[in-house]
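What follows is a short report on a single structure.
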Amino acid sequence: MLKINTNDLAELTWTGPDGHTVIAGKQVSEALGRLPESTDPNERHPFDVEIQRIPANTEATYFHTHSKQWEFYHVLSGSGTVRHDGGTDPIVPGDAFVFKPGEAHQVTAGPAGITMYVVADNPVGDKGTLL
């Protein structure tokens, strides 16, 4: 068994080309040995876990879909909104939601930012599409 403590993980930050889309995250699965580019299921792992933090009043990504990927979100702290095919809903700690392949989505943080667990199955050959 490989065990880590997520408090010890470095937080990586990605900023979109417009400077408004920002994600900071701790790559839990990769710290546990997941090799994202591998096609070997023993190295790739069946899912990917990230602790994602979105700074205040920013968007995590553009409104987008995935061709094959499922994504599960669980809000740990902060608040914001989730945009989806049916509109926009507020999200607060304790909220959990899932997007199946083809369902468009985008998370925006409120004034205090937001921290969430994100779990994705990351299938080989998934294509994301910006909307």
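Taking the chain as the region of interest, the number of lysine pairs whose Cα atoms are within less than 17 Å, with members eight or more places apart or on different chains, is 4. A Förster radius of 25 Å combined with the Cβ-Cβ distance from residue 32 to residue 96 puts the calculated FRET efficiency at roughly 0.70.
Computed over every Cα-Cα pair of the chain and binned at 5 Å starting from 0, the pair-distance distribution P(r) comes out as 2, 11, 18, 23, 23, 14, 7, 2, 0 percent. Helical runs assigned H by DSSP (4 residues or longer) give the chain a calculated mean residue ellipticity at 222 nm of -1000 deg cm²/dmol, each run adding -39500 (n - 2.57) before division by the residue total.
Computed from the coordinates by the stated procedures, all read-outs in this text should not be read as laboratory data. If you're wondering where the values come from, they're calculated on a predicted model, not measured in any experiment. Cβ: placed from backbone, ideal geometry, glycine included. Neighbour counts: every protein chain shown.
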